[in-house]
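Taking it in order: structure first as structure tokens, then the write-up.
The values are calculated or read from the model by the stated rules, or taken from the named source; none is laboratory data. Keep in mind the model is a prediction, meaning the values are calculated, not measured. Cβ sites come from the backbone with ideal geometry, for glycine too, and all protein chains shown count toward neighbours. Surface areas here come from the heavy atoms of the whole protein model, side chains and all, with no ligands, DNA or RNA. Shrake-Rupley method; radii C 1.70, N 1.55, O 1.52, S 1.80 Å.
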Amino acid sequence: MEEIEIIKPDDWHVHFRDGKILEAVVPETTRHFARAIIMPNLVPPILTGDDAVKYKERIQYAIPKKDRFLPLMTIYLTENTNKHELCESYQRGQVFAAKLYPAGATTNSDSGVKDIKKIMPALETMAEIGMPLLIHGEVTDKEIDIFDREKVFIDTTLKSICKNFPNLKVTLEHITTKHAVEFIKNQNSNMAASIPPHHLLLNRNAIFKGGIRPHYYCLPILKREQHRQALLDVAISGNKKFFLGTDSAPHTLLNKETSCGCAGVFNATYCIEMLTQLFDNCNALENLEKFLSINGANHYNIKNNNSKIKIRKNKKALILKKHLNLRKEKITIFDPEFLIYWTVEDFY
Ligand SMILES: [Zn+2]
């Protein structure tokens, strides 16, 4: 029987939502991950350090007693974000980073930034104090083809941010294209990227396989096979600029299976198992720990976790649960429809 042991992973990009959904999904992350960066796109969004502290308390209340887990909180940048408040909330330790959403880019991003020039003073402050900027890297112009929005954002907006603020620590979140991979590789050491598991596992055909498949609809949307391959190549290479951010983004089944369904896949439950299988299939298990547990912490200048997890390869394929049950509703668990033999056995 094959077995590997790695430093306990971190999830550098997750959506916990709030209320009943939060209570249901938090244990799915805290079971296997030691830390996670929590996205601030609630309604209303997390705009201040005090908002973040209250949200963190609601998260902590939902963590099972047996799990040791640290939520790293974020502030939602708007054109009205006060740079002094931002600075204070970071220096007091209330928040870990700030998130830039172009207005309208994804779920609950209506308060996002329309004119990037308006947040330049905030970015300048962040560069000075070492506060990381997390970016949803897509333009929101409806005239731009949905499959090109990441590339256009890199060309029209991200290049200028990098040029103006070379000392700013930046994470381009949930990258989905080979353009993003190449761009990140060519930037200085302050710039890195998170990669979601579903973009490593599936290409855009999955959305239309045998009919319309709402549980594979997410934003940024799945891309062509050549992009999936570029993401996979860099993830399994161990390149220190790239690390896991699940972008696990739960919606209830009713909000997914409707005439205008929400974007997002809920992938927290089997994330480690799926990625271990994927790295195994690519003969790259020796770089799994870098992608899951080391590269992200290094990028954010924080220590690796002390604890470890043990992952075991079984003879029989894992049978995935289909849903996470809420009291009256349910959330569909992401299923990449490939065989997974690895299971997380132990952590200590
Ligand atoms: Zn996200």
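Would you call ALA263 within 16 Å of the ligand (Cβ to nearest atom), of a type in the set (A, V, I, L, M) and either within 18 Å of GLU337 (Cβ to Cβ) or buried (at least 21 other Cβ atoms within 10 Å of the Cβ) (or both)? So ALA263 fails the test. State whether one or more residues within the range 94-102 are surrounded by fewer than 21 Cβ atoms within 10 Å (Cβ to Cβ), away from the ligand (no atom under 15 Å from the Cβ), over 18 Å from the mean Cα position of the chain (by Cα) and not in a helix (DSSP H, G or I). Yes - at least one qualifying residue is present in the range 94-102.
Regarding GLU5, is this residue more than 15 Å from the ligand (Cβ to nearest atom), outside any loop (DSSP other than H, G, I, E, B), more than 15 Å from the chain's Cα centre (by Cα) and over 25 Å from GLU138 (Cα atoms)? Give the steps one after another, and end with the answer.
Working: more than 15 Å from the ligand (Cβ to nearest atom): yes; outside any loop (DSSP other than H, G, I, E, B): yes; more than 15 Å from the chain's Cα centre (by Cα): yes; over 25 Å from GLU138 (Cα atoms): yes.
Yes: the conditions hold for GLU5.
I'd like to check something: does the range 48-67 contain any residue that is more than 22 Å from the chain's Cα centre (by Cα), under 27 Å from MET120 (Cα atoms) and either among the hydrophobic types (A, V, I, L, M, F, W, C) or outside any strand (DSSP E or B) (or both)? There is at least one residue in the range 48-67 that is more than 22 Å from the chain's Cα centre (by Cα), under 27 Å from MET120 (Cα atoms) and either among the hydrophobic types (A, V, I, L, M, F, W, C) or outside any strand (DSSP E or B) (or both). Taking the range 149-180 as the range and being without any contact (Cβ under 8 Å) to a residue 60 or more places away in the chain and acidic (Asp, Glu) as the test, only ASP155 passes.
A quick yes/no check of all residues on (1) of a type in the set (Lys, Arg); (2) under 27 Å from LYS151 (Cβ atoms):
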site	(1), (2)
LYS56	yes, no
ASP67	no, no
HIS84	no, no
GLN94	no, no
ALA103	no, yes
GLY112	no, yes
LYS118	yes, yes
GLU138	no, yes
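Out of PRO40, PRO71, PRO27, one residue alone is within 18 Å of SER248 (Cα to Cα) and surrounded by fewer than 21 Cβ atoms within 10 Å (Cβ to Cβ). It is PRO27.
Determine whether the range 12-24 contains at least one residue that is hydrophobic (A, V, I, L, M, F, W, C), open to solvent by 10 Å² or more (accessible area, probe 1.4 Å), at pLDDT 95 or above and outside any loop (DSSP other than H, G, I, E, B).
Yes, there is a match, as at least one residue in the range 12-24 is hydrophobic (A, V, I, L, M, F, W, C), open to solvent by 10 Å² or more (accessible area, probe 1.4 Å), at pLDDT 95 or above and outside any loop (DSSP other than H, G, I, E, B).
If you filter the range 191-219 down to residues that are of a type in the set (S, T, N, Q) and surrounded by fewer than 22 Cβ atoms within 10 Å (Cβ to Cβ), you find that the one that is nearest to the chain's Cα centre (by Cα) is ASN203. Scanning the range 43-58 for residues that are surrounded by 19 or more Cβ atoms within 10 Å (Cβ to Cβ) and within 16 Å of the ligand (Cβ to nearest atom) returns PRO45, ILE46, TYR55.
Screening ASN188 with (1) in a loop (DSSP other than H, G, I, E, B); (2) open to solvent by 20 Å² or more (accessible area, probe 1.4 Å); (3) under 27 Å from ILE331 (Cβ atoms); (4) not small (Gly, Ala, Ser) gives one miss only, at (3).
Across the range 68-81, the qualifying residues are those that are in contact (Cβ under 8 Å) with a residue 12 or more places away in the chain and not in a strand (DSSP E or B), and the one among them that is farthest from GLY112 (Cα to Cα) is ARG68.
Quick one: is THR269 part of a loop (DSSP other than H, G, I, E, B), open to solvent by less than 30 Å² (accessible area, probe 1.4 Å), in contact with a helix residue (DSSP H, G or I) (Cβ under 7 Å, 6 or more places away or on another chain) and within 13 Å of the ligand (Cβ to nearest atom)? In short, no.
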